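S.K.: I'd like to ask you about the structure that follows.
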């Protein structure tokens, strides 16, 4: 039978992919132009958000940027060592698609890809030119330097689809990814970053891509539904008859594009303490914009709890990039057998 030997979670925001401070300030320029900055269930333009919150100017100096950069890169290196130590045969990677692949034609709350391989495709110059300030350079951290065909554990993926269906989830199945925004059916950035930065571009560990629609109305699942799907996923892995070492991965988060340290720290504490009630009760009005990617972590926490994992290590860095407190909060967590 399969065994889940470990898990990890990682943020994948653009500030993790380019060295400070210049590019962090570039993303700040985009924030200042954003007319719909979500914070605690409400939207603000930049000036009204700045009036609502304390002054975060102390957090956006070159010195602080450099310190946070060093801390996050060290945490990512530690995740790479965790992968090497666990000797995973396959990784079940849970992330969210930013309409890079699935569009308004179909937005399933939960989907699993079960093709035998998936292409990981570089951006072309036209795609890079279309990106907002500070994103083009960062986006290169999500893609390889050439087209790579990555292996998928299609038998495990098919089993997970069938088992979660049996457990009451209408899991969508994709054997051929849609062309998507970039017209290449390529692996989206939530999965690409895991390979490029943590596993290494040439890594050949097979994956099972699990999609949660965290962003797009009207089908984001509730926190409770996300957690319960994760439990079902964990049980499904344990029922798989092949003797393989499986790892779970949460990709995305934490709070962004407005950082909420209170929420982030409470969330990480709930992971550490197996506080199921907290994780299942997070309201939808907090799970908005990039913060919505906490649903990926909630699902992995459900799976981790179901298979008997415990949190081993947690790193948190709030990556502020403007005086109004916009930015991307970064979390890095490992789970091991209890």
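Just so it is clear, none of the values below were taken in a lab; they were calculated from the coordinates. Treat the numbers as computed from the prediction; the structure is a model and nothing was measured. Cβ coordinates were reconstructed from backbone atoms using ideal geometry, including for glycine residues, and neighbour counts include every protein chain displayed.
S.K.: Would you report the distance distribution of C-alpha pairs in the range 218-323 as whole percents per 10 angstrom bin, up to the bin with the largest distance?
M.R.: 14, 47, 28, 9, 1, 0
S.K.: Rank the residues 143, 18, 94 as a footprinting-exposure proxy: fewest other Cβ atoms within 10 Å of their Cβ go first.
M.R.: Ascending Cβ contact count within 10 Å gives the list 18, 143, 94.
S.K.: Relative to the longest principal Cα axis of the chain, at what angle does helix 22-33 sit, 0 to 90 degrees, rounded to 10?
M.R.: Tilt relative to the chain: about 80 degrees.
S.K.: Here's a follow-up. Given axes a ≥ b ≥ c from the Cα gyration tensor, I'd like to know whether the range 1-113 is rounded (a/c under 1.5), prolate (a/b larger than b/c) or oblate.
M.R.: Working: a/c = 2.64, a/b = 1.36, b/c = 1.93.
Oblate shape, in that a/c is at least 1.5 and b/c is the bigger or equal ratio.
S.K.: Between residue 70 and residue 146, what length comes free when the chain is fully extended (0.36 nm per residue of separation minus the Cα-Cα distance, one decimal in nm)?
M.R.: Details: separation 76, 0.36 × 76 = 27.36 nm, distance 2.79 nm.
This chain segment gains 24.6 nm when fully extended.
S.K.: Tell me the relative contact order for the chain as a rounded percent, counting alpha carbon contacts under 8 Å between residues six or more apart.
M.R.: On the way: 736 pairs, mean separation 110.5, N = 338.
Reported as a whole number, the value is 33 percent.
S.K.: How far apart, in nanometres, would the label points at residue 167 and residue 106 be if each is projected 7 angstrom from Cα along the Cα-to-Cβ direction?
M.R.: Result: 2.2 nm between the two label points.
S.K.: Calculate, in nm to one decimal, what residue 338 and residue 239 gain on full extension: separation in residues at 0.36 nm each, minus their alpha carbon distance. Write down the numbers at each step before the final one.
M.R.: Values: separation 99, 0.36 × 99 = 35.64 nm, distance 1.93 nm.
Extending this stretch completely gives an extra 33.7 nm.
S.K.: From the square roots a ≥ b ≥ c of the eigenvalues of the alpha-carbon gyration tensor of the range 235-290, which class results: rounded (a/c under 1.5), prolate (a/b over b/c), or oblate?
M.R.: Numbers: a/c = 2.59, a/b = 2.07, b/c = 1.25.
Prolate, since a/c reaches 1.5 and a/b exceeds b/c.
S.K.: Give the angle, between 0 and 90 degrees and rounded to the nearest 10, that separates the Cα long axis of helix 261-273 from the longest principal axis of the Cα atoms of the chain.
M.R.: For helix 261-273, the angle is close to 20 degrees.
S.K.: log10 I(q)/I(0), Debye, Cα-only the range 152-240, no solvent, q = 0.18, 0.20 Å⁻¹?
M.R.: Relative scattering, expressed as log10 I(q)/I(0), comes to -1.00, -1.19.
S.K.: Answer rounded, prolate or oblate for the range 58-120, using the Cα gyration tensor with square roots of eigenvalues a ≥ b ≥ c: rounded when a/c is under 1.5, else prolate when a/b is larger than b/c, else oblate.
M.R.: Numbers: a/c = 3.63, a/b = 1.47, b/c = 2.47.
It is oblate, given that a/c is not under 1.5 and a/b is not larger than b/c.
S.K.: Taking 1 over the mean of 1/r across every pair of different Cα atoms in the chain, what Kirkwood radius in Å do you get? Could the numbers behind the result be given before it?
M.R.: Numbers: mean 1/r = 0.0504 Å⁻¹.
Evaluated over the chain, this radius sits at 19.8 Å.
S.K.: Please determine, in degrees from 0 to 90 and to the nearest 10, the orientation of helix 62-86 with respect to the longest principal axis defined by the Cα atoms of the chain, where the helix direction is its Cα long axis.
M.R.: Roughly 10 degrees between the two axes.
S.K.: Could you calculate the contour length gain from residue 131 to residue 99, that is, 0.36 nm times the residue separation minus the distance between their Cα atoms, to one decimal place in nm? The partial results should precede the final answer.
M.R.: On the way: separation 32, 0.36 × 32 = 11.52 nm, distance 1.43 nm.
Taking 0.36 nm per residue and subtracting the Cα distance, the gain is 10.1 nm.
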